[in-house]
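Rule-based calculations on the coordinates, nothing more; no lab input. All figures in this text were calculated on a predicted structure; none of them were measured in a lab. Note: ideal-geometry Cβ built from the backbone for every residue, glycine included; neighbour counts use all protein chains shown.
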Amino acid sequence: MKLMLSIRISILVLTVSLLSATAVSQGTLADYERALGLRDKVQGKAVNLPERANWIGKTSRFWYRKSVVGGNEFVLVDAETLAKRPAFDHERLATALSTATGEKHSALKLPFQQITFADDEKSFEFSVTDARWRCELADYSVKKLPPEERRGGITFNTGLPGPRYNFPRTDAKVSPDGKWEAWINNFNVWVRPNGKREGTALSFDGSEGNYYALASLVWSPDSKMVAVYRVRPGYNRKIQFVESTPADQVQPKYHSMDYAKPGDALDHPQPVLFHVESKKQMVVDNALFPNPYNLTRIEWRKDNRAFTFEYNQRGHQVYRIIEVNAVDGKARSVISEEPKTFFTYSSKKYRFDLADGNEVVWMSERDDWNHLYLMDGATGQVKNQITKGQWVVRGVEKVDEEKRQIWFQASGMYTGKDPYFVHYYRINFDGSGLTALTEADANHSVTFSADMKYYVDSWSRVDLPTISVLRTCADKKLLAEIERSDIQELVKTGWRAPEVFTALGRDGKTDIWGVIYRPSNFDPLKKYPVIENIYAGPHSSFVPKSFAAYSQMQAMAELGFIVVQIDGMGTSNRSKAFHDVAWKNLGDAGFPDRILWHQTVAAKYRYYDITRVGIYGTSAGGQSSLGGLLFHPEFYKVCVSSCGCHDNRMDKIWWNEQWMGWPLGPEYAAASNVDNAHRLQGKLLLILGELDTNVDPASTMQVVNALIKADKSFDFLMLPGAGHTSGGAYGDKRRYDFFVHHLLGVEPPDWNRIDKTKIAAADGN
């Protein structure tokens, strides 16, 4: 009997020990206090942390904002003299702004982050609560500026105001020589001598259903010709909102807005050329641009010989520069991109015309990597590839036509290093003379003076606070260290950098990069559930690469989780093949790579518990997070999805057709969280702002409806009056509670009974 009792006691002790290794001190009120108080705890603890440098006009002076004890200050530096001082008297401005606004402002906590100096540097402007202000440095008088005029009625595809903004109107566009003006009358193009009331019609074929758009009209440099788009309107889709709890009345309000969706009939612009003196009209043959998603603004050659525009074909698989001869109105294709998948017009298109279009610097992924090419403007042929290799150009800073040099950003040039780190380079047009302007193994941000004499190089990593230096462009000579961040006090708070982790993706050879956040009281002997923060929107990459004292992911980790973020295949800034995984396949969201990454981490760290994995995301991340639960229920168990574009047929046209294609095919339904809602097995919380103008709120409501029809259990939080959001502080807490309950098996605090002031006091400790 005693033996059996001893055995039972031993088993009980062992059970308690195992439980203590998995659950004790996770999801407790103390953990919540650390999570909710983290921002305040680390705020201001990293000092001398500089933000991006801003050069003042064409001068050798720049300003930046940096963190200091108690807040932030603006600093002014002269690159010629290396003099460094406050950009203005912070105390005087705070006093003046307090008087002007009626609200108390302090010198180190001014309510703006950006300033714009006047050309004479005797004043600067800034924005506070949607209003623009000017400070006169002579006496620190502060004046509120009148609001800028804004016009509505912009369509999604052409960017051209519709017919209701063309008639009746008195607006006119004056010719370069100042002798003529053109305007729209009864949807047609008219011209008249400048200052006269009477004019002459150049067109007679305009109508409300096929109107000339004044916004598109461009005079030739010699003032003898006019080029303009005639637009056949497409379907004017609107989405509707009910604002349930407006601030100014008891009853709800109804709102609507223009919102084109995938598959909608779009505006169809047609370029038309007019010779003013002869009144000759030439409608340009559209054989080279038959099905536009959009045509860009018209640009004339300086010698008046032609004008150009860019043609983005519906479906984004053909992109052309079109040149129209000014004499006969005939069109030709200068450059044409025709990839098998998509041309990333929204982030990877770059064009610079040289010698009035005789040569063109052009960006292309035609060799599977994003590079720059020198093109013959007459033949459209490649003269030479400027940049080359298994790395990508991330952007162009400057094209020096005289020196025939290009200054650009790139990633992935250094083998074995993080392929996402941005570095800066200079190269000659012929591909020679590649020169690195940045050296440190980190993510760089560089700003150049207007005359390209100096540059400020700021770099950091998630584990390295920002360092900022001033160099000369000609020889990279180090002139001064501008700032070196100090995080001693931050480290004392228990702050630790996330771990950068790589694992092989689905192809068995490509590195997938991510970061791992652990709680500050991390115990390697415990088991930790894992939460993935997902944003797989294919337009960029999303894993943090630069230093940050505070991370929302770190705050969530404090509850007793390990929180990660990963860039799987389908995201951008790697090869074209890496990106192409997203083509008509947004439902993939890189999950095969993400799951392998998780498994690799778990194989290395025994405390990384992939039997309990949660996932959350917002917007495109809202779609992907729910997709993880629906399509990979064997791996993802709990999801919090905020304002997701759950069905790509319901979301904005430009984003979704770029990746999912046109015409709409079965791929849209295959990736739809609405059509696949019946697959739900895990625990789900949906969060939605009722006034979301980014993603149609009906996208989430249709998921809700499908889940109800499928008799699925889930949680749903509607946020009255909120827009495109995950819910702010309230949403954060609800997300925390959901994961604590379903991944830790711990009942969250009863917030209705807890004294919030005590938690607030604890937050500050």
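Give the long-range amide H neighbours of Ser175: residues separated by 5 or more places, or on another chain, with amide H under 5 Å away, using H modelled in the peptide plane at 1.01 Å from N.
Here the answer is Trp180, Glu181, Ala182, since their amide H atoms fall under 5 Å of that of Ser175.
Quick one: if the Förster radius is 25 Å, what FRET efficiency do Phe352 and Asn694 give, using the C-beta to C-beta distance and rounding to 0.05?
After rounding to 0.05, the efficiency reads 0.20.
Given the range 490-763, what percent of its DSSP beta bridges are antiparallel, to the nearest 5?
DSSP beta bridges in the range 490-763 are roughly 30 percent antiparallel.
Taking the square root of 5 times each eigenvalue of the Cα gyration tensor, what semi-axes in Å does the equivalent ellipsoid of the range 152-338 have, largest first?
33, 23, 13
Taking the Cα centre of the chain as origin, work out the dipole magnitude from +1 charges on Lys and Arg Cβ and -1 charges on Asp and Glu Cβ, in debye rounded to 20.
Around 680 debye, computed over the chain.
What is the percent of Cα-Cα separations in the chain that go past 33 Å?
Value for the chain (Cα pairs over 33 Å): 63 percent.
How large is log10 I(q)/I(0) at q = 0.08 Å⁻¹ when the Debye formula is applied to the Cα atoms of the range 490-763, each weighted equally and without solvent?
-0.32
Just to check I understand the Karplus step: with θ = phi - 60° and J = 6.51 cos²θ - 1.76 cosθ + 1.60, what whole-Hz values come out for the range 601-617, glycine and proline as x?
4, 4, 5, 8, 10, 5, 7, 8, 8, 8, 7, 10, 10, x, 8, 8, x
Only counting other Cβ atoms within 10 Å, I'd like Thr245, Thr600, Thr502 sorted with the fewest neighbours first.
Arranged by neighbour count, lowest to highest, Thr245, Thr600, Thr502 become Thr245, Thr502, Thr600.
What is the spread of the Cα atoms of the range 331-438 along each of their three principal axes, largest first, in whole Å?
Principal-axis extents of the Cα atoms in the range 331-438, largest first: 47, 36, 20 Å.
For the range 152-338, give the magnitude of the charge dipole about the Cα centre (Cβ charges: +1 Lys/Arg, -1 Asp/Glu; no others), in debye to the nearest 20.
So the magnitude is around 300 debye.
In degrees, nearest 10, range 0 to 90: what is the angle between the Cα axis of helix 620-631 and the longest Cα principal axis of the chain?
Helix 620-631 sits at roughly 50 degrees to that axis.
With angles folded into 0 to 90 degrees, how steeply does helix 728-739 sit against the dominant principal axis of the chain? Use alpha carbons for both and round to 10.
40
Straight-line reach from Lys527: which aspartates and glutamates have a Cα under 17 Å away, not including same-chain ones fewer than 8 places off?
Counting by Cα, and skipping residues close in sequence, Lys527 has these aspartates and glutamates nearby: Asp31, Glu558, Asp609.
Select from Val500, Val638, Trp659 the residue farthest towards the positive end of the dipole of the range 490-763; place +1 on Cβ of Lys and Arg, -1 on Cβ of Asp and Glu, and compute about the Cα centre.
Val500
For the range 426-516, what's the relative contact order in percent, using C-alpha pairs closer than 8 Å and at least 6 residues apart?
15 percent.
Can you tell me the convex hull volume per residue for the range 271-397, based on C-alpha atoms, in Å³ to the nearest whole number?
In the range 271-397, the Cα hull volume divided by residue count equals 112 Å³.
D for the range 625-765, whole µm²/s, Stokes-Einstein with Kirkwood Rh over alpha-carbon pairs at 37 °C and 0.692 mPa s: what number?
Answer, rounded: 199 µm²/s.
Given H placed on each backbone N at 1.01 Å, which residues far from Leu504 in sequence or on other chains put an amide H within less than 5 Å of it?
Correct list: Ile512.
Restricting to Cα pairs below 8 Å that are 6+ residues apart, what does the relative contact order work out to for the chain? Please round to a whole percent.
Relative contact order, the chain: 10 percent.
Could you work out how much longer the chain between Asp222 and Lys477 gets when fully extended? Use 0.36 nm per residue separation minus the Cα distance between them, nm to one decimal.
Gain in length upon complete extension: 87.2 nm.
Mind checking the angle between helix 2-22 and the chain's longest principal axis? C-alpha axes, 0 to 90 degrees, to the nearest 10.
So the helix axis and the longest Cα principal axis differ by about 20 degrees.
Which aspartates and glutamates, on any chain, are close to Lys196 with Cα under 12 Å apart, when same-chain ones fewer than 8 places away are left out?
Cross-link targets: Glu181.
Per DSSP helix of 4 or more residues, -39500 (n - 2.57); summed, then divided by the residues of the chain. What does that give at 222 nm, rounded to the nearest 500?
-5000 deg cm²/dmol
Quick one: what are the phi-derived ³J(HN,Hα) couplings along the range 687-704, Karplus 6.51/-1.76/1.60 with θ = phi - 60°, whole Hz, x for glycine and proline?
Each residue of the range 687-704 in turn: 10, 8, x, 5, 10, 6, 8, 8, 10, 3, x, 4, 4, 6, 4, 6, 5, 4 Hz.
So between Lys144 and Lys330, what do we pick up on full extension, going 0.36 nm a residue minus the alpha carbon distance?
61.8 nm
Tell me, Leu82, Leu504 in order of fewest to most beta-carbon neighbours within 10 Å?
Leu82, Leu504
Using amide H atoms built 1.01 Å from N in the peptide plane, name the residues 5+ places from Lys398, or on other chains, whose amide H lies under 5 Å from its own.
Trp407
Ordered by residue, what ³J(HN,Hα) values in Hz, to whole numbers, does the range 507-524 give under the Karplus form 6.51 cos²θ - 1.76 cosθ + 1.60, where θ = phi - 60° and Gly and Pro are x?
Karplus values, whole Hz, x for Gly and Pro: 7, x, 9, 9, 6, 9, 9, x, 10, 10, 10, 10, x, 5, 9, 3, 10, x.
Quick one: if you stick a label point 7 Å off each Cα along the C-beta vector at Lys279 and Ser106, how many nm between them?
Calculated label separation equals 7.2 nm.
Provide, as a two-decimal number, the C-alpha radius of gyration of the range 545-672 over 2.2 N^0.38 Å, N being how many residues it has.
Computed over Cα atoms of the range 545-672, the ratio equals 1.12.
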